[in-house]
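Take a look at the structure below.
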Amino acid sequence: HSLPVGDQAGGRKVDCFKYNTTGSEFACSRKWEPVCGTDHRTYSNECMFCMLTQNKRFPVRILQDNKCDIECPQYSEMCTMEYLPLCGSDGKNYSNKCLFCNAVMRSRGALFLAKHGECQSP
């Protein structure tokens, strides 16, 4: 049986219960083993990822085991017209990081970077 594309490509789920030792508190080490969330934010390690994403209003998964290529810290009211295209997981071209990150924010974690540069036309 096949998974919907969005779910299949949406990073990996983390079992956060293994870090939640005392019931509600996470006991995270300060070890630097960065992971990139599908929210396009870099977390210092998997445990910190669990702690900081537990209260988000949408599920965040791990996109890659490393720092994010593209960081999306916040929504921007105004974007420049620069053209440095990024291909989104939705198959759309975004003219630059600012426009891409705004779309990531609006998608509530569903959209992530497929690749740098334009998407290939079919």
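The values are calculated or read from the model by the stated rules, or taken from the named source; none is laboratory data. As the structure is a prediction and not an experimental result, all values here were calculated from the model. Cβ atoms come from the backbone with ideal geometry, glycine included; neighbour counts cover every protein chain shown. Surface accessibility is based on the protein's heavy atoms, side chains included, excluding ligands, DNA and RNA. Shrake-Rupley method; radii C 1.70, N 1.55, O 1.52, S 1.80 Å.
Annotations
- Segment 103-120 residues that are over 12 Å from LYS92 (Cβ atoms) and free of Cβ contacts under 8 Å to residues at least 40 places away in the same chain, paired with ones that are open to solvent by less than 70 Å² (accessible area, probe 1.4 Å) and part of a loop (DSSP other than H, G, I, E, B) (beta carbon under 6 Å, 6 or more apart): GLY117/PRO85
- Test: residue in segment 63-76 that is in a loop (DSSP other than H, G, I, E, B), open to solvent by less than 90 Å² (accessible area, probe 1.4 Å) and of a type in the set (Ser, Thr, Tyr): yes
- Selection status of THR38, under 17 Å from ARG108 (Cα atoms), of a type in the set (Ser, Thr, Tyr) and without any contact (Cβ under 8 Å) to a residue 24 or more places away in the chain: no
- Qualifying positions in segment 77-108 - open to solvent by 60 Å² or more (accessible area, probe 1.4 Å), in a loop (DSSP other than H, G, I, E, B) and closer than 16 Å to THR38 by Cβ: ASP90, ARG108
- Entry remark, segment 47-62: residues being open to solvent by less than 60 Å² (accessible area, probe 1.4 Å) and farther than 14 Å from PHE112 by Cβ number 5 in total.
- Number of residues in segment 42-101 that are more than 18 Å from PHE26 (Cβ to Cβ), more than 14 Å from the chain's Cα centre (by Cα) and among the polar types (S, T, N, Q) equals 5.
- Condition met for LEU111 (assigned to a loop (DSSP other than H, G, I, E, B) and at pLDDT 90 or above): yes
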